[in-house]
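*Asks:* Please find one structure pasted underneath; my questions will follow.
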Amino acid sequence: MRRFEHVLQDLKFALRQLRRNPGFAGAAIVSLALGIGANTAMFSVLNAVLLRSLPLPAAAQLFKLRIEARVPTAQRFSYSAFEAFRDAAGRGNAAAMSQTNRVNLVAGQGALSERANLQLVSGEFFQLIGVQPALGRLLRPDDDRGISAHPIAVLSHAFWAERFGGAADVVGRTLVMNGSPFTVVGVAREGFRGMFLEAPTDIWIPTMMQSDVRYHQNFSANKADPEAPWVPQDGIIWLDVLVRAPGQAEARLLSALNAAFRERRLHQADAIGDPEQRRRFLDSHIALDPYAQGRSRLRERFTPLLYALMGMVALVLLIACANTANLLLARSAARQREIAVRLSIGAARGRLIQQLLTESFLLVIAAAAGGLVLARWSADVLTAMVIRSVTGSSASVIQVDARVLGFTAVVSALTALVFGLAPALRATRLNLCAALKNGDKGTQNRARWHAATLLIGAQVALSVLLVTAAGLFGRSLYNLAHVELGFDRDHVVNVAIDPRNSGIAPTALPAFYARVLGRIESVPGVTSAAVAECGVAGGCRSASDGIVISGYTAAPSEQVLFQENRVSAEYLPTVGITQLRGRNFDARDRRDAPKVAIVNQTLVKRYFAGREPLGQRFGYKTPDVEIVGVIADARVNSAREAAEPMAYYPLDQGMLYTTNLSVRASGDPQQILNAVRDAIRDAAPTLVVDRITTLAQQVDSGLGADRIVALLASAFGALAVALACIGVYGLMSYSVARRTAEIGVRMALGARPITVLRGILAESMTPIVAGLLVGLPLAAAGGRMVSSILFGVSPWDGSTLMAAILTLAGLGLSAALIPARRASRVDPVIALRQD
């Protein structure tokens, strides 16, 4: 009870002290709020992307099957493979799911067509993950038995609320997806929006309905017909397989899954004649990847950047703590007499330390409250800036949840101890006689001065690290923005199209492409137009391994892997990829003509070194494709990725559904966007167009993660420098005030103002220079830690380090100049009277 009374007394006294010093309290709270808020905001992103589990019961027991092999292997499975795993795992312990896919949805008679996210799942899916219905029922194993026999759908709670207004009669309604009708049988419980972080699922349907909705995402086909239903074809791999492994059952389950996998591999290996290929094929096994957090493109691409930013923002908080500690040291110097009186009349030192720490904790509580408000706003901004720029999704996944609040509480408590304990200990370590006489101008002030200079030096050292990191990320972004891409980004319009889900029959594709391209090429300002399986900078890629090249012998365990693209005749000149040798595709390359390809320089260097590539042949298992042209390398995947061995094939020799339409403009491509959109609508009114943009904008969007990191790193660096400069200014202002009498005596004895100015500046530069010297190795170590996410710049880049040092030295000198000039203008008479 007595201890509780002491706490209440300390709180009341601390509140009175802070009210008496609003300037001190405001400066400390703002400084700490910036540090705590920035840390909380960054941790909110880190939590959402890396730490938070899916809102499912026992989510830690969920695993996704992965094939572990010595060579890159597609991590998907056929439906028959899933059936084997389901039987091995036991009913209810395995489920299959596709990727999410955008579909055309008509939700009711006379409704307009809209886009929705669809996922195909096996009947065991909802039972496996433990999701219950909010309305109606969910899919069951009996709903997934026969091909095209189960036209039923389950809605997510959020989609039901947003699209149907939470209508209770939604069960039984008919939805038409990509032309096929489905009956709604239920709504999933609130809070569950699927297994993919940035692509919330709107609708789930059975896997058996794949052909009915024309699902063709993320698949590989081997001796199979992609246009026929996929479920019965073992040669089409397209599904992720999830299993539940509770507690001790994980090892037993994995053993059973590998037994089933090995049996399938042995059966499939009978068709492989090459002993080395057969050995590589069999040299693989199943592993379990934790799936409690689901899948996230953001996690895959942004994790190293998040850790780097989290480290930077932690350093900002340390600098804010050092600044606040300096403020407390200055206050303790002003309160020496008060503290000495309290000690002399019997107050225990521990009791005084508790009281001083109470003030520190009050400051932190106020700062944490402000920091949480700042973090909530910052988290929303980061949602827009980070997630949308990296993934193109508008889904917000950042929340200030219990883990974030706990993090803020722990950080705040540690902050209070870090900046509050040392000043409290020093403030209560007094020479009572000297302090009571108010004549101690030496020991205590000197001790405080040394502590303050150490804190300033630490701030400068950490600022060097942050400013250098900001410079490195800025240089990296500049290099990415100006790297030679190998195609013309300035005169091309990219259109993301979906002819498959637009109801275009495979046999109608040649006439359809000819009609659309002809209409677009008639638009004024358009030079050419072409379609491609995958467009540049579109996040789409196709590859084949097991390639056989005439005259080339693969090394043991070597995987001959080509990235491939199938394009119409004018595609390469349309996107501006330079033809180096041979010819482009033309009318000779008909469906019944010999197969041909155009390859890039990287492919030639790797597989045809010292040989003439034109006329050479390659192919899958049989070298039946002739090389007729060589093009320059292009970074078709992203600015970060160097060109891979790549082969282009004429669309006429393998007609398929394409996803990209590229249009070359004679001038500014922005000026033809509306005309191109109108031309597409005229030529194909039913064609789904997901996106139309300039290629320059699309390339820039691919730099979203790097741009955000450079921006945030610059903000953190600027904040660190500002705090360090405030610290230098405060320290020198205190020094000048402390030495006013001394300076007056020196000037009365003939010291010139310029001499005083130089002396004060020299004194101020001591901790700055020391901090710069300590900061150099820190910056070098920090650069090495982030080297993997830099592009085209060394982590020990001399010009960046020098710029950071000169910036900090110049700003530190400027911060010290104001109190130094004030000292040089001291009136000796007034100064001596004050003493």
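*Asks:* Can we say Glu68 is of a type outside the set (Lys, Arg), without any contact (Cβ under 8 Å) to a residue 40 or more places away in the chain and not in a loop (DSSP other than H, G, I, E, B)?
*Replies:* For Glu68, the condition - of a type outside the set (Lys, Arg), without any contact (Cβ under 8 Å) to a residue 40 or more places away in the chain and not in a loop (DSSP other than H, G, I, E, B) - is not met.
*Asks:* While we're looking at this one, here's another question. Do the conditions hold for Leu155, that is, is it over 26 Å from Ser80 (Cα atoms), crowded, with 20+ Cβ neighbours inside 10 Å, modelled with pLDDT of 90 or more and out of contact with any Pro (no Cβ under 7 Å at 6 or more places or on another chain)?
*Replies:* So Leu155 passes the test.
*Asks:* If we keep just the residues of the range 556-569 that are part of a loop (DSSP other than H, G, I, E, B) and not hydroxyl-bearing (Ser, Thr, Tyr), which is surrounded by the fewest Cβ atoms within 10 Å (Cβ to Cβ)?
*Replies:* Applying the filter and picking the extreme gives Pro556.
*Asks:* Hey, another quick one. Give me the residue from the range 315-369 that is polar (S, T, N, Q) and at pLDDT 65 or above and, out of that set, nearest to Val404 (Cα to Cα).
*Replies:* Selected residue: Ser360.
*Asks:* Just to be sure, is Gly166 over 35 Å from the mean Cα position of the chain (by Cα), under 21 Å from Ala134 (Cα atoms) and part of a loop (DSSP other than H, G, I, E, B)?
*Replies:* No.
*Asks:* Another question about this same structure. Just to verify a result, which residue in the range 60-80, among those that are of a type in the set (Gly, Ala, Ser) and out of contact with any Phe, Trp or Tyr (no Cβ under 8 Å at 6 or more places or on another chain), is nearest to Ser557 (Cα to Cα)?
*Replies:* The extreme case among them is Ala69.
This table checks each residue for (1) in contact with a Gly (Cβ under 8 Å, 6 or more places away or on another chain); (2) acidic (Asp, Glu); (3) modelled with pLDDT of 75 or more.
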site	(1), (2), (3)
Ala251	no, no, yes
Leu254	no, no, yes
Ala259	no, no, yes
Arg264	no, no, yes
Ala271	no, no, no
Asp274	no, yes, no
Arg279	no, no, yes
Ser284	no, no, yes
Leu288	no, no, yes
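Here's the yes/no breakdown for (1) closer than 30 Å to Phe512 by Cα; (2) in a helix (DSSP H, G or I); (3) touching a residue at least 40 places away in the same chain (Cβ under 8 Å):
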| site | (1), (2), (3) |
| --- | --- |
| Arg635 | yes, no, yes |
| Ala643 | no, no, yes |
| Ser662 | yes, no, yes |
| Gln670 | yes, yes, no |
| Val689 | yes, no, yes |
| Gln697 | yes, yes, no |
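*Asks:* Something else now. Within the range 637-676, take every residue that is within 33 Å of the chain's Cα centre (by Cα) and aromatic (Phe, Trp, Tyr) and give me the one that is surrounded by the fewest Cβ atoms within 10 Å (Cβ to Cβ).
*Replies:* Tyr657
*Asks:* Which of the following residues is part of a helix (DSSP H, G or I), over 30 Å from Cys321 (Cα atoms) and of a type in the set (A, V, I, L, M): Ala461, Ala508, Ala496?
*Replies:* Ala508
*Asks:* Also, I was wondering about something else. In the range 50-65, what residues are part of a loop (DSSP other than H, G, I, E, B) and either closer than 19 Å to Ala543 by Cβ or of a type in the set (A, V, I, L, M, F, W, C) (or both)?
*Replies:* Hits for the range 50-65 are Leu54, Leu56, Ala58.
*Asks:* I would also like to ask the following. Out of Leu614, Leu572, Leu580, which single residue is farther than 23 Å from Ser220 by Cα, among the hydrophobic types (A, V, I, L, M, F, W, C) and in a helix (DSSP H, G or I)?
*Replies:* Result: Leu572 is the single residue among Leu614, Leu572, Leu580 that is farther than 23 Å from Ser220 by Cα, among the hydrophobic types (A, V, I, L, M, F, W, C) and in a helix (DSSP H, G or I).
*Asks:* Which of the residues spanning the range 179-192 are surrounded by 21 or more Cβ atoms within 10 Å (Cβ to Cβ) and either farther than 21 Å from Asp212 by Cα or in contact with a helix residue (DSSP H, G or I) (Cβ under 7 Å, 6 or more places away or on another chain) (or both)?
*Replies:* Val184, Val187, Ala188, Phe192 - these are the residues of the range 179-192 that are surrounded by 21 or more Cβ atoms within 10 Å (Cβ to Cβ) and either farther than 21 Å from Asp212 by Cα or in contact with a helix residue (DSSP H, G or I) (Cβ under 7 Å, 6 or more places away or on another chain) (or both).
*Asks:* Could you list, ordered by first residue, the pairs with Cβ atoms under 6 Å in which the first is in the range 311-325 and closer than 15 Å to Ala368 by Cβ and in contact (Cβ under 8 Å) with a residue 12 or more places away in the chain and the second is part of a helix (DSSP H, G or I) and among the β-branched types (Val, Ile, Thr), at least 6 apart or interchain?
*Replies:* Listed by first residue and then by second, the contacts come to Cys321/Thr415; Cys321/Val418.
*Asks:* Can you pull out every residue in the range 216-232 that is buried (at least 16 other Cβ atoms within 10 Å of the Cβ), in contact with a helix residue (DSSP H, G or I) (Cβ under 8 Å, 6 or more places away or on another chain) and under 20 Å from Met655 (Cβ atoms)?
*Replies:* His216, Trp230
*Asks:* Which ones in the range 773-811 are exposed (fewer than 14 other Cβ atoms within 10 Å of the Cβ), within 19 Å of Ala720 (Cβ to Cβ) and modelled with pLDDT under 90?
*Replies:* Ala781, Gly810
*Asks:* If I go through the range 85-142 residue by residue, how many of them are among the acidic types (Asp, Glu) and either within 30 Å of Val689 (Cβ to Cβ) or in a loop (DSSP other than H, G, I, E, B) (or both)?
*Replies:* Residues in the range 85-142 being among the acidic types (Asp, Glu) and either within 30 Å of Val689 (Cβ to Cβ) or in a loop (DSSP other than H, G, I, E, B) (or both): 2 in total.
*Asks:* Could you please find all residues in the range 496-511 being surrounded by 18 or more Cβ atoms within 10 Å (Cβ to Cβ) and not small (Gly, Ala, Ser)?
*Replies:* Ile497, Asp498, Pro499, Arg500, Asn501, Ile504, Leu509, listed by residue number.
*Asks:* Would you please name the residue that is nearest to Val625 (Cα to Cα), looking only at residues in the range 517-537 that are in a loop (DSSP other than H, G, I, E, B) and in contact with a helix residue (DSSP H, G or I) (Cβ under 7 Å, 6 or more places away or on another chain)?
*Replies:* Val536
The values are calculated or read from the model by the stated rules, or taken from the named source; none is laboratory data. What you see is a predicted model, and the numbers here were worked out from it, not measured in a lab. Quick reminder, even Gly has a Cβ in these numbers, built from the backbone with ideal geometry, and neighbours come from all protein chains shown.
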